[in-house]
Every structure is written in C-alpha cells, then in structure tokens.
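Asks: Mind looking over this structure? Questions follow.
The values are calculated or read from the model by the stated rules, or taken from the named source; none is laboratory data. What you see is a predicted model; the values in this text were computed from it and never measured. Here the Cβ is made from the backbone with ideal geometry for all residues, glycine too, and neighbour counts use every protein chain on show. Accessible surface is based on the protein model in full, side chains and every heavy atom, while ligands, DNA and RNA are left aside. Shrake-Rupley method; radii C 1.70, N 1.55, O 1.52, S 1.80 Å.
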Amino acid sequence: MDINNNSKDTFNNINNNVLIALIDKLEENNTLSKDEWICLLINRNKEIMDYLFKKAVSVRKKHYGNDIYIRGLLEFTNICKNNCLYCGIRRDNSNAERYRLSKDDILSCCEEGYEMGFRTFVLQGGEDPYFNDDKIMEIISAIKNRFPDTALTLSIGEKSYESYKAYYDAGADRYLLRHETADTEHYNKLHPSSMSLDNRIKCLYNLKEIGYQVGAGFMVGSPYQTVETLYKDMKFLSELKPEMIGIGPFITHKDTPFKDEKSGTLEETLYLLGLIRLILPKVLLPATTALGTISDKGRELGILAGANVVMPNLSPKNVRNKYLLYNNKISTNEEAIEGLNNLKIRVNSIGYNIVTDRGDHKDFIS
Ligand code: SAM
C-alpha cells in the first residue's frame, strides 16, 4: 500500500495504547472516523496485529463458534469480455487458453462435491456472452432441482437488474461481486473506460434489493491503492453491509499491463481481514485462494485473523490450471476437492471444524 505523504506525516508513530483503544472502539461501535481509520491503517505492527486478531477471533466465535464453512468453487468459463488491467483472463490476454464447461460438466462436478459434503456451490466465471440469461437460468434450475438443500452463489459480473432478478427467481441465493475499490480515480486506473465504479455499486445495491446474500470486496495491495482508498473501502463496506466480503492479495500476472507491479502482502491482508471482522461481526469472510497462494499457511492464518470460509476448487482437473487470474495460483491437494480431508486436518489442527452446512449469514432469512 502506498501511503499518501500528508497522512504519513500526521499519523505516523502513534503509540500502541492509542491503537489498542481504536481497535476497542471499532469492536464496540463497528465504525471509526476518517482520522481514526487512517491512523489504524498506517500504524500496523506485530503487537497491534496480535491484539486485533484476538478480538476478531472472539467476535467471530460469538456468532459462528469454531465452524468453518466450505464452498465448492466452479470456475466454469475463463472467457471474458472485460479487460481489467490486473486480471489474467482479461479479454486481451491472447496467451490464456480459453475454456467453457457444459451444463453436464457443471452438474457432475456438483454431484462429486455434494457426495463429499459441499452444500454451497459457487459458479464463478469471466463475463462470457455465450452464457446468456437463459443458459444461466437453465444451469441454476438444474443444480437446485438436483440438490435442493444446497445454496447457490453466482459470481459472473455486472448484469442488469432484470437479469439478476431472473437468476434469483430461478433459485440463486447469493452473489459475489467485488467492488474492487471504492475510490473512483483508483477504479479507473484498474479498469478500462468501458467500466465504472458507479455501475459496480449500482449492481451491488440492486442485488441487495432483490434479496440476495451479497458479497463485495477488493484486492489488497492493488496498484495505486493508498491508505485513503482503503479508508473508502472500509467506509463503503460499513454502508453496504454485505453478507460476504472477499478480500485477497493482488498478485501480478505475467500477461497483464500490471506484470511489473508489486503483489499485495500476507501481513496486510491478514490485518484487513481482522479489521473487517470488527466492522461486520457476522460477515462470511473467506480465507481466499489468493491468500493461500502467497503463503503455504495463508488459509490457516486467515482463519486465525477472523475468516470463517474456505472455497476449495471443484472444477475438473483439466481446466483448473487455465483459470489463471494471477501467477502461480494454487491448485494443490488442499485447494482441490481431492484434498478435502487434508484441508479438514489442517483446519482441525488450529482448533476449528469444517462443517457440512449451507452456511448462510446468521441474520439472513431466505
Ligand atoms: N467476472 C466476475 C467479476 O467480475 O466479479 C468474477 C470473476 S473475477 C476474475 C473474480 C475476482 O478475481 C475479481 O473480483 C478480482 O478481485 C480477482 N482477481 C482478478 N485478478 C486478480 C489478481 N491478479 N490478483 C488477485 N485477484 C485477482
């Protein structure tokens, strides 16, 4: 994260007692003033991180005990009409080997996942025009008819209100659409001019209005991110109150305009996970694949910082290494479905349990 020079001068070297008081205040009120946020965001250190993680874990335990929810992730197409500057499956990356899964492929992955205990499936993909509303609704209905006790999450980008409503009526329960950054200038540096923050935010509010459990989020350490843009992210999340928040480190991809940028760090991602848990105590917060990619123990550390969701990959083996949003994306045993037992052991070893449950947000009455 770049720190804006003015902020750095004003808020640097704050005593840990002040920071501890701010964390206590955040826990109590779930919000802070702009200056307080900037102060906390700038002055990260080991002692403060440990203090924050203890708070975040106890808040999470109050609502979710030691339960960790699993979501079966199906990356069903890597074809995308968008050209986001950070993303390895962006339209202009001619080195990406493109694929689409058929409805039958998707259903057989769900079948396998269901047998292993998955009760949430996440359909994620590029914005692929081939999957028009009819095709998406057909897939949703097929999954929900075959596995009525599961929740279905979509993560297929920006659509009209009518399309979102049609997917919801067909049976989709949740929708993940990271806002990416709540600062317009920053948004415009990460995306082509055909995309806008206003539309992204409008989509998120539309999804809420329709009745979805909604997920927002952003990449930690994305190019041009500053403490000011992060403050706006925190504020935006407090206002939107999403049921899910996906944050993970930005990781460079060799075939994107950001190939020479620095990736985000484990430390900063963990810190933000802890802070987000205090803003929204009941939020469903994944320890993401990107976090597992930058560190072998990223998933466990994410849980110990306040996360309570992991999303193993259910996609067929032959496409898993083609959904490459960033370099060196993990597709290890623990990441993939075959490694669910290993994942359970890892999660147990830090005192948590993977549960077979839809894992809805605690306040959510569907
Ligand atoms: N097309 C859908 C959308 O726009 O929401 C879903 C797919 S998109 C690839 C899923 C998420 O991947 C994005 O929201 C973005 O935050 C993340 N992502 C893309 N490129 C990344 C990178 N280089 N490092 C880390 N995360 C990345």
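Asks: Within the range 250-266, which residues are open to solvent by 40 Å² or more (accessible area, probe 1.4 Å) and either within 17 Å of Ile294 (Cα to Cα) or within 8 Å of the ligand (Cβ to nearest atom) (or both)?
Replies: Passing the criteria: Lys254, Lys259, Asp260, Glu261, Lys262, Ser263, Thr265, Leu266.
Asks: Report, by residue number, each residue of the range 148-169 that is away from the ligand (no atom under 16 Å from the Cβ) and of a type outside the set (S, T, N, Q).
Replies: Pro148, Asp149, Ala151, Tyr161, Glu162, Lys165, Ala166, Tyr168, Asp169
Asks: Any residue at all in the range 108-120 that is within 16 Å of the ligand (Cβ to nearest atom) and of a type in the set (A, V, I, L, M)?
Replies: No, that holds for no residue.
Asks: Right, another one. Out of all the residues in the range 229-237, is one or more open to solvent by 10 Å² or more (accessible area, probe 1.4 Å), more than 9 Å from the ligand (Cβ to nearest atom) and of a type in the set (Phe, Trp, Tyr)?
Replies: yes
Asks: List every residue pair whose Cβ atoms sit under 8 Å apart, with the two residues 6 or more apart in sequence or on different chains, where the first one lies in the range 160-176 and is over 15 Å from Tyr205 (Cβ atoms) and among the acidic types (Asp, Glu) and the second, anywhere, is in a strand (DSSP E or B) and open to solvent by less than 30 Å² (accessible area, probe 1.4 Å).
Replies: Filtered contacts from the range 160-176: Asp173/Ala151; Asp173/Leu152; Asp173/Thr153; Asp173/Gln213.
Asks: Now a separate question. Looking at this structure, is Asn145 within 15 Å of the ligand (Cβ to nearest atom) and either at pLDDT 95 or above or under 24 Å from the mean Cα position of the chain (by Cα) (or both)?
Replies: So Asn145 fails the test.
Asks: Same structure, new question: Consider Arg277 against the criteria (1) surrounded by 23 or more Cβ atoms within 10 Å (Cβ to Cβ); (2) at pLDDT 95 or above; (3) under 30 Å from Pro148 (Cα atoms); (4) of a type in the set (Lys, Arg): it satisfies all of them except one. Which criterion is unmet?
Replies: (3)
Asks: If you don't mind, there's one more thing I want to ask. Restricting attention to the range 51-103, which residues are within 16 Å of the ligand (Cβ to nearest atom) and of a type in the set (Ser, Thr, Tyr)?
Replies: Listed by number, the residues that qualify are Thr77, Tyr86, Tyr99.
Asks: When the range 344-363 is examined, which residues are found to be touching a helix residue (DSSP H, G or I) at 6+ places or on another chain (Cβ under 9 Å) and without any contact (Cβ under 8 Å) to a residue 60 or more places away in the chain?
Replies: Scanning the range 344-363 gives Arg346, Ser349, Ile350.
Asks: Please go through the range 171-190 and give me each residue that is in contact with a strand residue (DSSP E or B) (Cβ under 9 Å, 6 or more places away or on another chain) and either over 14 Å from Gln225 (Cβ atoms) or open to solvent by 40 Å² or more (accessible area, probe 1.4 Å) (or both), ordered by number.
Replies: Within the range 171-190, Gly171, Ala172, Asp173, Arg174, Tyr175, Leu176, Leu177, Arg178 qualify.
Asks: Exactly one of (1) of a type outside the set (Lys, Arg); (2) more than 15 Å from the chain's Cα centre (by Cα); (3) closer than 26 Å to Leu152 by Cβ; (4) buried (at least 17 other Cβ atoms within 10 Å of the Cβ) is unmet by Glu300. Its number?
Replies: Every listed condition holds for Glu300 apart from (3).
Asks: Sticking with this structure for a sec: Could you identify the single residue in Tyr99, Tyr64 that is in contact with a helix residue (DSSP H, G or I) (Cβ under 9 Å, 6 or more places away or on another chain), open to solvent by less than 50 Å² (accessible area, probe 1.4 Å) and of a type in the set (Ser, Thr, Tyr)?
Replies: Tyr99
Asks: Cβ contacts < 8 Å: first residue part of a helix (DSSP H, G or I), restricted to the range 272-295; second residue among the charged types (D, E, K, R) and open to solvent by less than 10 Å² (accessible area, probe 1.4 Å), any location; separation 6+ or different chain. Result?
Replies: The qualifying pairs are Arg277/Arg60; Thr289/Glu335; Gly292/Glu335.
Asks: Quick check on Tyr51: is it without any contact (Cβ under 8 Å) to a residue 40 or more places away in the chain and closer than 30 Å to Gly359 by Cβ?
Replies: Taking the combined requirement at face value, the residue satisfies it.
Asks: Is it the case that some residue within the range 293-314 is on the phi > 0 side of the Ramachandran plot and among the small types (Gly, Ala, Ser)?
Replies: As a first pass, look at the range 293-314 and keep what is on the phi > 0 side of the Ramachandran plot: 306.
Those left that are additionally among the small types (Gly, Ala, Ser): 306.
Yes: one or more hits.
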